[in-house]
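Peer 1: Mind looking over this structure? Questions follow.
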Amino acid sequence: MNRLFFVAALAGLTMLLASGAASSREITYSVDCSKRQTISGAIDRGDARAQLVLRIKGTCNESVLIERYNVELLGDPEAGATIEAPEGSPYAVAVEGHGVTLENLTIIGGNHGVRNSGAFRMTIRNCLIQDAVVDGIRVFVGDVRVQETKIQGAGENGLRIMRGGSVAMSNSQILDNARDGIYAEQNAAITANNNTISGNRSNGVTLHSASQGDFGGNEITRNQGTGLLVQAGSTADIDDNTIFENQGDGIIGYLGATLVLHGNDVTGNWGSGLVGNAHSTIQVGGAHISSNLGDGIVMVLGSKLILEDPVTEVFLNGNYGVWCGDDESSVNEPVLLNTWGNTAGEIYCTGF
């Protein structure tokens with residue numbers, strides 16, 4: 001009886017160790033699309049529990065669905081690798097498994113260039129994502145790290161984040177998309193550091209419906225709408241960004257938004273530099289707000305401006321330095337403002 005129990009336990013332990021070994025192994029395949037090999041076919045190969053690394057060459061005319069966990073698609077850094085979706089495809093790359101990495105790839109077309117549907121621990125590194133019919137990258141629920149990547153030419157947004165999805169983006173470019181560079185909605189989260197967001201035909205960035213943003217060291221420039229719009233109960237920390245020459249306002253907080261700004265340059269925008277509208281709260285320290293065609297700072301419809309050290313400089317704007325549009329709006333600690341050279345005057349606020 002004891003011997004039978006020992007044999008059964010030993011067999012179970014052996015199976016457990018074998019399973020663990022399989023899940024920790026790495027399988028590597030080469031995929032050369034010039035030889036009619038496909039990424040989709042390679043994803044199905046080998047033990048599904050193992051880490052799968054695909055080293056890719058050539059142009060792969062296919063839509064790639066990744067449901068498997070722990071997959072790396074690595075383009076050949078010398079020969080290059082392209083995934084081009086056939087016309088009418090819903091995606092070029094769709095990711096539904098956790099732990100996926102896309103690196104050194106050009107990804108062209110699809111309704112969405114890269115679509116993340118509930119996948120976590122995803123990384124996109126050193127990729128070019130272009131000419132998607134709708135969004136360059138769409139993230140629904142899952143999370144993605146985007147590094148050293150260019151997203152351009154999408155028919156709608158460069159990056160769209162939805163339903164609690166989150167993205168951390170760094171050292172990347174979002175250029176020339178038909179709507180917003182970044183659009184985050186429905187409790188989504190975006191952390192963006194040291195990126196260029198430029199030439200988009202609507203806003204550079206929009207945060208909507210209780211979404212959250214953390215922006216540091218970005219250039220948000222020459223977009224055809226507002227540089228950065230935070231609205232509908234969304235919140236943003238905005239530190240040391242350069243927001244210039246956008247065709248709308250530089251930064252807007254709208255409809256109960258909360259913004260905290262430190263050390264930003266907001267200059268040369270075609271509208272006003274900084275706007276608080278409809279019961280929004282904006283906290284500012286150490287900003288330079290200059291040469292905007294409208295007012296430097298606008299507070300309307302019960303919005304509140306809270307100033308803190310260091311002093312914020314507001315100068316050479318095309319209308320007032322600071323303009324409050326109604327008695328409900330307010331400016332706290334005005335001694336921390338230095339306004340000069342604004343065309344219509346320095347400060348126009350009732351009771352200021």
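Peer 1: Got a sec? Charge dipole of the chain, +1 on Cβ for Lys and Arg, -1 for Asp and Glu; which of S40, N338, I174 is way out at the positive end?
Peer 2: Projecting each Cα onto the dipole axis, the largest value belongs to S40.
Peer 1: How big is the range 104-232 in terms of Cα radius of gyration and Dmax, in angstroms?
Peer 2: Both quantities, over Cα of the range 104-232: 12.5, 37 Å.
Peer 1: Would you mind listing how long the range 42-90 runs along its three principal axes, going by Cα atoms, in whole Å with the largest first?
Peer 2: The Cα atoms of the range 42-90 stretch 32, 29, 13 Å along the principal axes, largest first.
Peer 1: So what's the range 225-352 giving for Rg/Rh, alpha carbon basis, Kirkwood Rh from the mean inverse pair distance?
Peer 2: My calculation puts Rg/Rh at 0.92.
Peer 1: Moving to a separate point now. For the chain, list the cysteines whose Cβ sits under 4.7 Å from no other cysteine Cβ?
Peer 2: When partners are defined as cysteine Cβ atoms under 4.7 Å apart, the chain leaves C127 without one.
Peer 1: What is the Cα convex hull volume of the range 286-352 when expressed per residue in Å³?
Peer 2: 67
Peer 1: Using Cα atoms only, what is the angle between the long axis of helix 2-24 and the major principal axis of the chain, expressed in degrees (0 to 90) to the nearest 10?
Peer 2: So the inclination is approximately 50 degrees.
Peer 1: So which residue, out of D327, D265, D143, gets the largest mean-square fluctuation from a GNM of the chain using Cα contacts under 10 Å as springs?
Peer 2: Checking each option, the largest mean-square fluctuation is seen for D327.
Peer 1: Using only the alpha-carbon atoms, what does the chain span along each of its principal axes? Please give whole angstrom values in decreasing order.
Peer 2: 90, 56, 30
Peer 1: Normalised by the number of residues in the chain, what is the relative contact order in percent for Cα pairs under 8 Å and 6+ residues apart?
Peer 2: Over the chain, the number comes to 6 percent.
Peer 1: Let me see the P(r) profile for the range 69-174: every Cα-Cα distance counted, bins of 5 Å, each bin given as a percent of all pairs.
Peer 2: 3, 15, 26, 28, 21, 6, 1, 0
Peer 1: Please give the direction-averaged projected area of the C-alpha convex hull for the range 146-215, in square nanometres with one decimal.
Peer 2: 3.7
Peer 1: To the nearest whole percent, what portion of all C-alpha pairs in the range 159-269 is separated by more than 24 angstrom?
Peer 2: 9
Values in this text are rule-based calculations from the coordinates and carry no lab data. Remember, it's a predicted structure, so these values are computed and weren't measured experimentally. Every residue, glycine among them, receives a Cβ derived from its backbone with ideal geometry; neighbour counts consider all protein chains shown.
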